[in-house]
1. Just subtract the alpha-carbon distance of Arg234 and Asp125 from 0.36 nm times their residue separation and send over the number in nm, one decimal.
2. Report the gain in length on full extension from Thr2 to Ala262: 0.36 nm times residue separation, minus Cα-Cα distance, nm rounded to one decimal.
3. If Val266, Val227 are ordered by their accessible area, calculated over protein heavy atoms with a 1.4 Å probe, which sequence runs from highest to lowest?
4. If you work out Cα extents along the principal axes in Å from the coordinates, which of [x] 67, 45, 40; [y] 56, 52, 46; [z] 79, 45, 43 do you get?
5. Report, in debye and to the nearest 20, how large the dipole of the range 201-347 comes out about its Cα centre when Lys and Arg carry +1 and Asp and Glu carry -1 on their Cβ.
6. Hey, with R₀ at 35 Å, roughly what FRET efficiency would Glu339 and Ala189 work out to, going by the Cβ-Cβ distance, to 0.05?
7. Calculate the dipole size of the range 147-226 relative to its Cα centre from +1 charges on Lys and Arg beta carbons and -1 charges on Asp and Glu beta carbons; express the result in debye to the nearest 20.
8. Once you charge only the Cβ atoms, +1 for Lys and Arg and -1 for Asp and Glu, what is the size of the charge dipole of the chain about its Cα centre, to the nearest 20 debye?
Amino acid sequence: MTLTVLGIESSCDDTAAAVVTGDRRVLSSVVAGQAALHADFGGVVPEIAARAHAERLDHCVESALEQAGATLRDLDAIAVTAGPGLIGGVMAGVMLAKGLAAGTGLPLVGVNHLAGHALTPRLTDGIGFPYLMLLVSGGHCQFLLVRGPEDFTRLGGTIDDAPGEAFDKVAKLLGLPQPGGPAVEAEAARGDPAAVALPRPLLDRPGCDLSFSGLKTAVLRLRDQAVAADGGLRQGMRADICAGFQQAVAEVLAEKTRRALALAGVPVLAVAGGVAANRAIRSALEQVAEAEGVRFVAPPLALCTDNAAMIAWAGIERFRLGHRDGMDLAARPRWPLDERAAPMLGAGKRGAKA
């Protein structure tokens, strides 16, 4: 039987709903972004994001069903992001999914947002297990050995800022608009990466862990030096800093990916997350895959960034394993994929951050 599942995603600042089938067809994928709501604040404001999710979720679900030519009666299950993420947004999605499940009698499947990203290449390219996944986004950066829908081994990850977070902070430091990734990439295209000297953090240490906080601080120092010398930040210097920063991130990710591939010993390198859309970074990763003799898989941009199609697909994978959740499904701000691995960013009262 071909399953048809509604996916719901609200973990950060994208409100999304999608309808996906078990034979890998994305019947619809609706994403309502919130960039305009947060533009004046230089980043995502959790309270604003949560309120926007509560206002938009039902409309996104309605649009997804309409675009798919389906009704709730045509569904086999409802999948929803249950964490990790900004807790207000996650709660909004979980509560909507519970209401739909209670009203229709459909099975409810809670999904780890990171698993959604990690399993996306199976939806888009039909790849088999095992494979190496580099999840690289605004909030996450991990190397995952994926052996099954619920079998993830973390080989390494960031010990501080994620790359997307670093791009956003660098954009803010240099007076560029948000989101920072596309803005920095566009500015870097006009600059010379060799014109400035920036560090390659942790390349002198073994292993696959990464760090981008120090790189961001180095950009801050370069900016301040340029302002002091020239009485302001010239556009040419800003472009050079962006180019140098982007090149440093690309080189670090490429080298750490090479190390992760050596550890994993798998035939496929997959990448997902918004930072994977950066052309310089993607090109560097493709070169590593070619040099190591493995297949490179990168889903389309619309399925790399946060979306509900990946949540629906991850729900299908869990549903096939027999998983069902009840009305006690909890929204989780923190939910590591590899729960056997030690926390990388420390643990608070709510548990490990990564």
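The values are calculated or read from the model by the stated rules, or taken from the named source; none is laboratory data. Being a predicted model, the structure only gives us computed values, none of them experimental. Cβ sites come from the backbone with ideal geometry, for glycine too, and all protein chains shown count toward neighbours. Note: areas computed on protein heavy atoms with side chains; ligands, DNA, RNA excluded. Shrake-Rupley method; radii C 1.70, N 1.55, O 1.52, S 1.80 Å.
1. Additional length available on full extension: 34.8 nm.
2. Result for the pair: 89.9 nm of gain on full extension.
3. Val227, Val266
4. Recomputing Cα extents along the principal axes in Å here gives the entry labelled [x].
5. With Lys and Arg at +1 and Asp and Glu at -1, about 120 debye.
6. E between Glu339 and Ala189, to the nearest 0.05, is 0.30.
7. Dipole size: approximately 200 debye.
8. Around 560 debye, computed over the chain.
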